[in-house]
Amino acid sequence: MASPPTILVFDSGLGGLTVLREVVRGRPDAHYVYVADDAFFPYGHHSEDQIIARVVPLIGELIAAHAPDLVVIACNTASTLVMSHLRSEYQVPFVGTVPAIKPACANSKTKRVSVLGTKGTVKREYTKALIRDFAQGCEVTLVGSPELASLAEAALSGIEVSDRDISAEVAPCFVGDGEADLARTDTVVLACTHYPLLMERLVRLAPWPVDWIDPAPAIARRVADLLRPPGSEVDHAGAEMIFTSRRPHTLSGALMPFFGGRVPA
Ligand code: DGL
């Protein structure tokens, strides 16, 4: 039997788990290594040069240590900067996570779309180019949230996060006349992998209903396309959770659903 592929999923923290969850659904046979660069979290507060200088050599070290068959950069703040550097430095196939502006604009009926990301992601030239190329006549509002990734991280770690704090970060996404269905935002791009961790609360706290676009299923399809198909005797391989701060994780119960029910070592 061919050995299962190793997939390394990387983020600044716990947000990439929302991508991991979908990738695991598509390839339950793979061995997973999830790396949270919590020693440098949050990426949204660092400059472009600092992120490139941090992530490119770190991914090289992780490739040397784990020999992955594929690496997913499950972080918009990093992917909008580092993908070309990674592809030119290393031979492994990479899949990145960038704001899903094209499908969001294709989905919008009111032609009002908001992109909710970190302050870094919404400033990127990469993001602005996606809007230039794919807005398809939509008015696109960029919303850089200073704290939502940290709030999502806290909530997953069991710390109480108030509705008021979440609402304050999300409020600028809702543009237009709230009473008039056809003159207000109807689609919000979740351009940070942390935000789907708060999905139920985002839906509940929204001033009016919108479609929230989470790119994780599309990323998982891309991963499945790049790997050789699973062997006939599919079995669940192992999973590892690594924090760059070297703190031991104490979150097994909260993490298991993202690893397809496995307890990560
Ligand atoms: N999860 C990351 C993203 O998708 C960002 C969180 C951070 O600021 O580190 O952009």
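For the range 1-23, the candidate set comprises residues that are over 15 Å from Leu197 (Cβ atoms) and crowded, with 24+ Cβ neighbours inside 10 Å; within that set, the residue that is nearest to the chain's Cα centre (by Cα) is Phe10. As a summary of the residue check, Arg124 satisfies the conditions (1) touching a Leu at 6+ places or on another chain (Cβ under 9 Å); (2) charged (D, E, K, R); (3) surrounded by fewer than 20 Cβ atoms within 10 Å (Cβ to Cβ) except for the one numbered (3).
Filtering the range 117-145 to residues that are within 16 Å of the ligand (Cβ to nearest atom) and part of a loop (DSSP other than H, G, I, E, B) leaves only Arg124. Thr110 passes every criterion in (1) of a type outside the set (A, V, I, L, M); (2) out of contact with any Asp or Glu (no Cβ under 7 Å at 6 or more places or on another chain); (3) crowded, with 17+ Cβ neighbours inside 10 Å; (4) at negative phi apart from (2).
Examine the range 83-90 for a residue that is outside any helix (DSSP H, G or I), at pLDDT 95 or above and surrounded by fewer than 22 Cβ atoms within 10 Å (Cβ to Cβ), and state whether such a residue exists. Break it down stepwise before answering.
First pass over the range 83-90, keeping only residues outside any helix (DSSP H, G or I): 90.
Pick out the ones that are also at pLDDT 95 or above and you get 90.
Those still in the list that are surrounded by fewer than 22 Cβ atoms within 10 Å (Cβ to Cβ) too: 90.
Looking for residues that are outside any helix (DSSP H, G or I), at pLDDT 95 or above and surrounded by fewer than 22 Cβ atoms within 10 Å (Cβ to Cβ), one finds at least one in the range 83-90, hence yes.
On the stretch given as the range 28-37, residues that are crowded, with 22+ Cβ neighbours inside 10 Å and charged (D, E, K, R) total 1. Condition check for Pro207 on (1) farther than 19 Å from Pro42 by Cβ; (2) in contact with a Phe, Trp or Tyr (Cβ under 8 Å, 6 or more places away or on another chain); (3) surrounded by 17 or more Cβ atoms within 10 Å (Cβ to Cβ); (4) not charged (D, E, K, R): one failure, at (3). The one condition from (1) assigned to a helix (DSSP H, G or I); (2) touching a helix residue (DSSP H, G or I) at 6+ places or on another chain (Cβ under 8 Å); (3) away from the ligand (no atom under 13 Å from the Cβ); (4) of a type outside the set (S, T, N, Q) that Glu61 does not meet is (2).
Hey, among the residues in the range 38-58 that are among the small types (Gly, Ala, Ser) and within 12 Å of the ligand (Cβ to nearest atom), which one's surrounded by the fewest Cβ atoms within 10 Å (Cβ to Cβ)?
Let us first name the residues in the range 38-58 that are among the small types (Gly, Ala, Ser), namely 39, 44, 47, 53.
Remaining after also requiring within 12 Å of the ligand (Cβ to nearest atom): 39, 44.
Details: Ala39: 13, Gly44: 26.
Top of the filtered list is Ala39.
The values are calculated or read from the model by the stated rules, or taken from the named source; none is laboratory data. Bear in mind that the values here come from a model prediction, so they are computed numbers and not experimental data. Every residue, glycine as well, gets a Cβ built from its backbone with ideal geometry; the counts of neighbours run over all protein chains shown.
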